[in-house]
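Working notes, beginning with the structure itself.
Throughout, read-outs are computed from the coordinates displayed, never taken from laboratory work. Note that the structure is predicted; figures quoted are calculated from it, not measured. Heads up, the Cβs are rebuilt from the backbone with ideal geometry, glycines too, and the neighbour counts pull from every protein chain shown.
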Amino acid sequence: MAVRGNNLDTVRRHNLSTIVRLVHRSGGLSRSRLTALTGLNRSTVAALVAELVDLGLAVEELPEGVKRVGRPSPLVRPNRDAVAFAVNPEVDSITVGVVGLDAVVRSHVRREVESTPTPEEAVHMTASLVAELQRELPERTVVLGLGAAVPGLVRSSDGTVRLAPHLGWTDVPLARLLADATGLPSWVGNDASLGAVAERTFGAGDGVTDLVYLNGGASGIGGGMIVGGELLGGIGGFAGEFGHTRVAGATVPGATLEDEVNRARLLEALGDPGLDPSDLERAILSAVDEDAVTEIDRQVDMLSTALRNTINILNPALVVLGGFLGLLYEARTDAMTRLVGLQTLGPAFEDVAIARAALGDEILLIGAAELVFDIVLTDPARTGAALSQHPVE
């Protein structure tokens, strides 16, 4: 006769996940606030928090400056020494960062490349940069894994890059290659989709259930969509390729959005193809040269039409622009808002806001780290315990 088990352990694991997700996304909450948000009793919350502390995923501390009578409720914060490595391979560089469970980028390195890296070159350089950064981490650090944000179509089930056209990659089992090269559990996702998750969780989209994120980088334009609070990935995880939609009025018949709204064309018009992101921002905002101003205005017009289509189709509450798209919006906020408003159906335009990405240049690193944290926080009792046995050596 089969013996029926109980679901007490399942409930505990669910509650652990709920608590640590709240702490991770908020940056820290008092135990009393966690009790109120979860509906659990105080002793249960205290026990769950203690387990998360033992797993190395949370820390408890007394709030500073509290002068009320009685013992204050302890603050529960994500353990910043539980970290993920985050990787963003591009056509012109490889960037690797260390992101704490508090969603703060602790350090990062960007290495430029002379030519577009092959998958093998990207993996080799990533492993080298991970080792370099790992040597600088305190001994108490617990590395939870590695996440990569790739400008291309990534199969969500196994982290295979099916197609990254600007990188020239096809059917690359990147998650497995990175895991083999670094010795870390690894996950891979589309860069713009991960940017959407990061902005929704920690940036301009905090609390927004329906948003679109458009990212403009060296590899073109990608997008991510949060619908009803969930990332819209499509059947294979390939949704959001806004950059490959065709646009009217293009200089070349059949050109796509990313052909027309293009960082390389901006740099050429500004007269300096080697500008880094901070210098590019200053150059766009201060541009007075006629060719540069004309190109900025042309790209803003094209981007506004794309936003019109996006808003009319998806009816989001917020459109977030990252990378050089955010710079275009910063430089022409009033003009872009007016152009989008002229072309968008009235009720849809009334409901939407447009914003520049709040997380700046760190958005893709934070998004890549979320790939790792999402796995750990789904079942912290299992993954946290296993991974905590492998601190930095």
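With label points built 7 Å along Cα→Cβ from the Cα atoms of Ala348 and Thr294, find their separation and express it in nm.
The modelled label-to-label distance comes out at 3.2 nm.
Estimate the FRET efficiency between Ser278 and Asp379 by the formula 1/(1 + (r/R0)^6), using the beta-carbon distance for r and 45 Å for R0, to the nearest 0.05.
Calculated transfer efficiency: 0.70.
How many percent of DSSP beta bridges within the chain run antiparallel, rounded to 5?
Details: 37 of 58 bridges.
Roughly 65 percent of the beta bridges in the chain run antiparallel, per DSSP.
Membrane-span-like helices in the chain: DSSP H runs reaching 24 Å or more (Cα, own axis), mean Kyte hydropathy at least -1.0?
8-26, 290-314
So how long is each side of the range 78-156 along the principal axes, counting just the alpha-carbon atoms, biggest first, in Å?
Projected onto its principal axes, the Cα set of the range 78-156 covers 37, 28, 17 Å.
Could you sort 332-343, 271-282 so that the peptide with the highest average Cβ count within 10 Å comes first and the rest follow in order?
332-343, 271-282
Want the number for Ala335 to Asn315: 0.36 nm per residue separation, take away the alpha-carbon distance, what's left?
5.1 nm
Inverting the mean 1/r over all pairs of different Cα atoms, compute the Kirkwood radius of the range 8-78 and quote it in Å.
Every distinct Cα pair counted, the radius reaches 12.3 Å.
Highest mean first, how do 224-232, 363-371, 40-48 rank when packing is the count of other Cβ atoms within 10 Å averaged over residues? All intermediate terms of the calculation are to be shown ahead of the outcome.
On the way: 224-232: 17.6, 363-371: 28.7, 40-48: 15.9.
Final packing ranking: 363-371, 224-232, 40-48.
So how much slack lies between Glu132 and Glu61, counting 0.36 nm per residue of separation and subtracting their Cα-Cα distance, in nm?
22.4 nm
With semi-axes √(5λ) of the Cα gyration tensor in Å defined as stated, name the option among (1) 39, 25, 20; (2) 43, 26, 20; (3) 32, 27, 20 computed from the structure displayed.
Derived directly from the coordinates: (1).
With n ≥ 4 as the cut-off for DSSP H runs, can you work out [θ] at 222 nm for the chain, using -39500 (n - 2.57) per run divided by the number of residues, rounded to the nearest 500?
-13500 deg cm²/dmol
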